[in-house]
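Participant: Sending over a structure as structure tokens; questions will come in a sec.
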Amino acid sequence: MFDMSTDPPRKTMSQLRRGTVGYCVMALLGRRERYAVELVRELAAHQALAAGQGTIYPLLSRLRSDGMVATEWKESPSGPPRRYYSLTDKGRASLERFRGEWKQFSDAVDTFMED
């Protein structure tokens, strides 16, 4: 837990990001396969979710180890082959469970945050 009287907003955002960025990555992969740098760019488009390669590669490795994502090497039109990531059936099921839980959670928090 953190001290709300002294916790800087950046630290709060970091804690929120840590708990959700994996599911955001899974949601992106649920739409179509991507390579890691694409994921970094797409997350960076939303300041609150920006995550560097030092975060994304270990996350993708964990998701792969957990059976949530699969990988495939593909030739790149510009440069060396790239490892593409896609969501597995297990990953889709996990993401759907999270979506339901997230909706309940965010609705509950919103009831207290509204003026």
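The values are calculated or read from the model by the stated rules, or taken from the named source; none is laboratory data. Remember, it's a predicted structure, so these values are computed and weren't measured experimentally. All Cβ positions, glycine included, derive from the backbone under ideal geometry; neighbour counts span all protein chains shown.
Participant: Are any residues in region 11-53 acidic (Asp, Glu) and in a loop (DSSP other than H, G, I, E, B), and if so, which ones?
Facilitator: Applying the first criterion (acidic (Asp, Glu)) to region 11-53 yields 33, 38, 42.
Glu33 - this is the single residue of region 11-53 that is acidic (Asp, Glu) and in a loop (DSSP other than H, G, I, E, B).
Participant: Here's another thing I want to ask about it. If only one of Arg17, Arg34 is of a type outside the set (A, V, I, L, M), touching a helix residue (DSSP H, G or I) at 6+ places or on another chain (Cβ under 9 Å) and farther than 22 Å from Arg92 by Cβ, which one is it?
Facilitator: Arg17
Yes or no, residue by residue, for (1) in a loop (DSSP other than H, G, I, E, B); (2) exposed (fewer than 10 other Cβ atoms within 10 Å of the Cβ):
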site: Arg62; (1), (2): no, no
site: Glu72; (1), (2): no, no
site: Gly79; (1), (2): yes, yes
site: Phe98; (1), (2): no, no
site: Thr111; (1), (2): no, yes
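Participant: Oh, and also: List the number of the failed condition for Lys90; all other conditions in (1) touching a residue at least 12 places away in the same chain (Cβ under 8 Å); (2) assigned to a strand (DSSP E or B) hold.
Facilitator: (2)
Participant: In region 1-46, what residues are modelled with pLDDT of 75 or more and aromatic (Phe, Trp, Tyr)? Break it down into steps so the answer makes sense when it comes.
Facilitator: The initial filter retains those residues of region 1-46 that are modelled with pLDDT of 75 or more, namely 11-46.
Once the filter is applied, which keeps residues that are modelled with pLDDT of 75 or more and aromatic (Phe, Trp, Tyr), region 1-46 yields Tyr23, Tyr35.
Participant: Which residue pairs have Cβ atoms closer than 8 Å, lie 6 or more positions apart in sequence or on different chains, and pair a first residue in region 29-41 that is touching a residue at least 60 places away in the same chain (Cβ under 8 Å) with a second residue that is crowded, with 17+ Cβ neighbours inside 10 Å and of a type in the set (Phe, Trp, Tyr)?
Facilitator: Listed by first residue and then by second, the contacts come to Leu29/Tyr85.
Participant: Quick one: count up the residues across region 64-73 that are without any contact (Cβ under 8 Å) to a residue 24 or more places away in the chain and under 15 Å from Arg34 (Cβ atoms).
Facilitator: 4
Participant: Any residue at all in region 68-87 that is basic (Lys, Arg) and under 22 Å from Met13 (Cβ atoms)?
Facilitator: no
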